[in-house]
Amino acid sequence: MYTHSLSLPTKIKLLLQKGLLDTNIQLSNFLIAKGVSDAIRTSLGPHGMDKVILSDNEILITNDGATIMKNAKFDHPVAKLLVNVSESQDSEVGDGTTSVIILSGSLLGASINLIRRGIPGNRLTKCLGIFLEETKKILLKIAIPINLKSSYTLYSAACTALESKVISSHCHILAPIVVKSILSIIDKKKSFNVDLKRIKLIKKIGGTIEQTELINGIAIDYPVIKSYGGPNNMINAKVALIQFSISSPSTDTDNLIVIENYAHMDKLLKEEKQLIISFCRKIKSTGCNVILSQKSILKESMCDYAIQIFAQMKIMLVRDIERDEFLFIADSLGCIPIIDIETFSSDKLGSVDQIEEKNYNAQKVLIFKGVRNPRIKSSTILIRSSNKHLLEETERSLHDALCVMRSIIRRRFLITGGGAMEIEVALSLKQYGKTLTGINSYCFNAFAHSLEIIPYTLCENAGLEPIEIISRMKKYHMNGKKTIGINTRRGILGNMIKENIISPLLVATSIFNMSVEFAIQLLKIDSIIET
Ligand SMILES: Nc1ncnc2c1ncn2[C@@H]1O[C@H](COP(=O)(O)OP(=O)(O)OP(=O)(O)O)[C@@H](O)[C@H]1O
Ligand SMILES: [Mg+2]
């Protein structure tokens, strides 16, 4: 029904139906991988098209390569292997997940031609091994070192990552948020990695993407309990994170309490209330004025009577915090989680200048400003958008840009975008190919040529003339202008550093590693055995 559905790319389906797939299993695998790669090509770059993915009546609109691949339900094992490639790229570096698929397809396209000319697969795998080593050497030569003090360069790299997304028109708002959030949690001199889990992304429907903000402090996506008039704002907060329930004790399954009359029942209820009051008093005596309690699967984390008493004591309450967020919040606020009332003491509390509940279109977010002794530095980005699909795509895009920042922190080098790096590497590889002899030189040339798929696709998607532009780019590069690429937004050739189209070296290295390894892997497969 949906002619462009990616459940099994239409192109491959047609090829299968018409029996056009090669009877040679190796070539047939290559054609399938190439079919998948071609299907995703239209998503590359700032003019890349978005895909609508339908699954279980849910709609997903995305431009992100890894998300498209993950959600496309491929049946063929080779297509599934290609999904793994984009997933690995996503988990390694977070960006370049479309490029890795396109480059894999292009390398396989070159391999198909070479195999059809009678060159054996093992010759190609050997050649691809040398190709990868040489590429990495060239990348190191052309990479531009970066200093983390230059926030403008970081901003440009974040912008390049965001420019090719659905939310590209908002990159001037989102890129500074990404850079500031990263810089707020690292030490520019000492950090050589960053844990992105420390940047919390909270999504709130309502408002526009322009209203997305970096929260000055930590924020959590939980409402304050306001029944019985408890406070929702606290200055000089002393925060306790509790992992136990504040309610009357329940009997275990083997025991039974027999209530004989009303007097007995009254006595029991009174005793329960006294117990809860004693818990609340003990907590109040430590100076605690804010309680965050962990969600419990066995019983309610706080009974109604306790909520009432805490409200009278002007203690702020937030309950049912998910287990996987609890430790992060504890570290961010400098609290030690408290496991029972006996061990509740003031030294386990975190100190915060102000805690305030903010309203975003009737949805609450609790903001902690001025945490005095955090164990880890963390930050929060509050994403706003008018609809769910855009909100989710903004989250994915911000994640990509944050991954780009992480790649730069890990390896402080950048490479030029807009196809400039691919053209420079391809020309240098062809130069190297001349030092080889016979078939090796021929194959090397063919693989080097396959890198041109990236600038070609960028131009094609932007409605520009690829052949003419690539030949002009090559001319510049042969004359030593190594940074000339195509700015498809402006439709001009230019110095990619001045045009601020740059990406991390780590992303590029990973694209080459993964696509070459995938091509080698496929070249070694000669049969698929169904069990
Ligand atoms: N203004 C621009 N002009 C030309 N090319 C650009 C521009 N901005 C970004 N690019 C290029 O777009 C490519 C990245 O596109 P895109 O982000 O769609 O794919 P990806 O990074 O491979 O995959 P994904 O982001 O889906 O994980 C890079 O080659 C980058 O250099
Ligand atoms: Mg990208």
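The modelled label-to-label distance between Gln363 and Glu260, using points 7 Å beyond Cα along the C-beta direction, is 5.7 nm.
Excluding same-chain neighbours fewer than eight residues apart, the lysines reachable from Lys73 by a Cα-Cα span under 20 Å are Lys11, Lys13, Lys34, Lys51. In this simple spin-label approximation, Asp340 and Met49 carry label points 7 Å from Cα along the Cα→Cβ vector, and these lie 6.4 nm apart. Pairwise Cα distances in segment 218-375 exceed 27 Å in 25 percent of cases. Between Asp320 and Lys180, the simple label model (points 7 Å from Cα in the Cβ direction) yields a spacing of 3.3 nm.
Full extension of the chain between His172 and Arg410 gives 83.3 nm of extra length, using 0.36 nm per residue less the Cα-Cα distance. Measuring between alpha carbons in the structure, the pairs from Lys149/Lys200; Lys165/Lys475; Lys189/Lys377; Lys137/Lys482; Lys430/Lys524; Lys238/Lys314 lying more than 21 angstrom apart are Lys149/Lys200; Lys165/Lys475; Lys430/Lys524. For the chain, the direction-averaged projected area of the alpha-carbon convex hull comes to 32.1 nm².
Straight-distance candidates among the aspartates and glutamates for linking to Lys481, with alpha-carbon spacing under 19 Å and chain neighbours fewer than 8 residues away dropped: Glu422, Glu424, Glu452, Glu468, Glu499. Using a cut-off of under 19 Å, list every residue of segment 404-438 whose amide N is near the label point 7 Å from the Cα of Asn479 along the Cα-to-beta-carbon line. Only 420-421, 423-425, 427-428 pass the distance filter.
A short reminder: the numbers here are calculations on the coordinates, not readings from a lab. Here the structure is a predicted model, which is why all the values come from computation and not from measurement. In this analysis, Cβ positions are derived from the backbone assuming ideal geometry, glycine residues included, and neighbour counts consider all displayed protein chains.
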